[in-house]
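Participant: Structure in structure tokens, see below.
The values are calculated or read from the model by the stated rules, or taken from the named source; none is laboratory data. This structure is a prediction, so every number in the text was calculated from the model and none was measured. FYI the Cβ positions are ideal-geometry reconstructions off the backbone, even for glycines, and counts take in every protein chain you see. Side chains are part of the model used for accessible areas, which takes the heavy atoms of the whole protein and leaves out ligands, DNA and RNA. Shrake-Rupley method; radii C 1.70, N 1.55, O 1.52, S 1.80 Å.
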Amino acid sequence: MVLLLLLAVDCMALEQEAQGAMSGRQYAAATKRYEDAVAACPGNRSIQLGLAGAYLMDRRPKEALAEAERVLAAAPAESAALKIKGNSAYLLADTGKAIDTFIRLLDLHPNDGDGAYMLGRIYYQEGRIEHAIGQFERALKTSPGSYKALDNLGLCYAARGDDEQATRYFLSAIKLVEKDHPEYEWPYTNLAELLLKKNDPRTAFDAASKAANRNPTSPRSFYVGAKALEQLGKNEESLNWTQRAASLDPDYSDAWYLMARLYRKLGQEGKAEEARRRFTVAKAKEPARRK
């Protein structure tokens, strides 16, 4: 009996260590700790789910999918495992399996707002805008405070050309994240891109700046800010922002394309040529990055 208690405590301690690494976004370390925990505590479903989630966050979707399916073999209705399976399948470019998994999740758990949101994201990426809108609205019925669903509804209406409705949703998302979710920058960047399309670069730059302040590791926020600065005629400042975007993601082809244009405007043809070369290299990698 004492031995069993000691083993239980060890399992709990290992799981807590892994959870701590996950909270600190140390996903490789979390994966290693969860692997140790699974080896020490076979059959512990909570630890198996933790490992599947760690694999997913550590950009190891094949391992995440395999671990999620092990959990589902014992517990077919486990919602967390179904979510990991669906997301892993999508990252592995198996869109059909991803959609089927999220539909099954919603059949088993009709009020799962996360499942509706995830399915909506896939439909949006596939260009099935009306289907996406339906799922994001479903997510909001379950979770009225789902700022991600609001933000993505904004993207859907922008894709439909309804800029007024898109702006309304982006602003609704911003209202929810402004204080309560300081790490979430997406609605600011999405609004900035919409404002650029509407020829309002000054307000667009304000939104992009807020996004970059919230998440200084977001290359897209710096890229959108750079586009706004270029439209404002501030080419040197725009170049600084573009360089930051490219440094954060060296395979960001749009950033290299903009950088080449800015160097050309500034009369630095040699650097413009190098940026064009980097653009070509990054562009060639895009199909592989989408897999």
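Participant: Among the Cys residues of the chain, which have no other cysteine Cβ under 4.7 angstrom away?
Facilitator: Within the chain, the cysteines lacking a partner Cβ under 4.7 Å are CYS156.
Participant: Just want to confirm a number: the relative contact order over the chain, from Cα pairs under 8 angstrom separated by 6+ residues, in percent. Display every interim value, and only then the final one.
Facilitator: Numbers: 396 pairs, mean separation 20.9, N = 291.
It rounds to 7 percent for the chain.
Participant: Given a 1.4 angstrom probe, what's the average accessible area per residue across the chain, in square angstrom? All intermediate terms of the calculation are to be shown ahead of the outcome.
Facilitator: Values: 15210 Å² over 291 residues.
On a per-residue basis, the chain sits at 52 Å².
Participant: Turning to a different aspect of this structure: Round to the nearest 10 and give me the degree value, 0 to 90, for the angle of helix 219-231's Cα axis relative to the longest principal axis of the chain.
Facilitator: 10
Participant: Also: Given a 1.4 Å probe and every protein chain left where it sits, what share in percent of the accessible area of the range 199-282 is carbon and sulfur?
Facilitator: Values: 1940 of 4120 Å².
Carbon and sulfur atoms account for 47 percent of the accessible area of the range 199-282.
Participant: Further question: Scan the range 108-142 for trypsin sites (Lys or Arg not before Pro) in coil per DSSP, keeping those whose Cβ has at most 16 other Cβ atoms within 10 Å, and list them by number. Each step should come with its number before you reach the end.
Facilitator: Details: sites: ARG121, ARG128, ARG138, LYS141; in loops: ARG128.
Taking the range 108-142 and a limit of 16 other Cβ atoms within 10 Å, the loop trypsin sites (Lys or Arg not before Pro) found are ARG128.
Participant: Separate question: Can you give the accessible area of GLU269, probe radius 1.4 Å, in Å² rounded to 10?
Facilitator: The accessible area comes out at roughly 90 Å².
Participant: Just to verify a number: what accessible area does LYS148 come out at with the full protein assembly present, 1.4 Å probe, Å² rounded to tens?
Facilitator: About 80 Å², ignoring ligands and nucleic acids.
Participant: For the range 137-184, which whole percent of the accessible surface, found with a 1.4 angstrom probe, sits on carbon and sulfur atoms? Present the calculation step by step, with values, prior to reporting the outcome.
Facilitator: On the way: 1230 of 2610 Å².
Of the solvent-accessible surface of the range 137-184, carbon and sulfur hold 47 percent.
Participant: On the accessible surface of the range 1-98, probed at 1.4 Å, how many percent belong to carbon and sulfur atoms? Show your work: numbers first, answer last.
Facilitator: Numbers: 3120 of 5340 Å².
For the range 1-98, the apolar C and S fraction of the accessible surface comes to 58 percent.
Participant: Separate question: For TYR90, what accessible surface area do you get with a 1.4 Å probe? Give it in Å², rounded to 10.
Facilitator: Probe radius 1.4 Å; accessible area of TYR90 about 70 Å².
Participant: Identify which of the listed values of semi-axes √(5λ) of the Cα gyration tensor in Å was calculated from the structure shown: (1) 29, 22, 18; (2) 24, 24, 21; (3) 39, 24, 18.
Facilitator: Here the calculated entry is (3).
Participant: Right, next: Most mobile of GLU274, GLU78, GLU230 per a Gaussian network model of the chain (Cα springs, under 10 Å)?
Facilitator: GLU274
Participant: Sticking with this one: By how many nm would the segment from THR217 to ALA284 grow when fully extended, if each residue of separation counts as 0.36 nm and the alpha-carbon distance is taken off? Walk me through the intermediate numbers first.
Facilitator: Values: separation 67, 0.36 × 67 = 24.12 nm, distance 2.35 nm.
Full extension of this stretch gives 21.8 nm more.
Participant: Leaving ligands and nucleic acids out of the surface, order TRP256, TRP241, TRP186 by accessible area at 1.4 Å, largest first. It would help to have the intermediate numbers written out before the result.
Facilitator: Working: TRP256 30, TRP241 50, TRP186 110 Å².
Of TRP256, TRP241, TRP186, the descending order of accessible area is TRP186, TRP241, TRP256.
Participant: Tilt of helix 253-265 relative to the longest C-alpha principal axis of the chain, in degrees (0 to 90, nearest 10)?
Facilitator: Its long axis makes an angle of about 20 degrees.
Participant: Please list VAL38, VAL224 in order of solvent-accessible area, largest first, computed with a 1.4 Å probe with all protein chains present. Write out the running numbers ahead of the final one.
Facilitator: On the way: VAL38 35, VAL224 0 Å².
Reading off the accessible areas and sorting them downward yields VAL38, VAL224.
Participant: A follow-up question, please. In a Debye calculation with equal point scatterers on the alpha-carbon sites of the range 87-229 and no solvent, what is log10 I(q)/I(0) at q = 0.12, 0.19 Å⁻¹?
Facilitator: Each listed q maps to, in turn, -0.50, -1.11.
Participant: Springs between alpha-carbon pairs under 10 angstrom, Gaussian network model over the chain: which of GLN231, GLN125, GLN19 fluctuates most?
Facilitator: Result: GLN125 has the largest fluctuation of those listed.
Participant: Given 10 °C and 1.306 mPa s, compute D for the range 94-169 with the Stokes-Einstein relation, Rh being the Kirkwood radius over Cα pairs; round to the nearest whole µm²/s. Display every interim value, and only then the final one.
Facilitator: On the way: Rh = 12.2 Å.
Answer from the Stokes-Einstein relation: 130 µm²/s.
Participant: Quick one: order ASP114, ASP200 from most to least accessible surface, probe 1.4 Å. Mind dumping the intermediate values first?
Facilitator: On the way: ASP114 85, ASP200 50 Å².
If we order ASP114, ASP200 from most to least accessible, we get ASP114, ASP200.
Participant: Something else about it: Kindly express, to the nearest 10 degrees and within the range 0 to 90, the angle between helix 235-248's C-alpha long axis and the longest C-alpha principal axis of the chain.
Facilitator: The helix 235-248 is inclined about 20 degrees to the chain.
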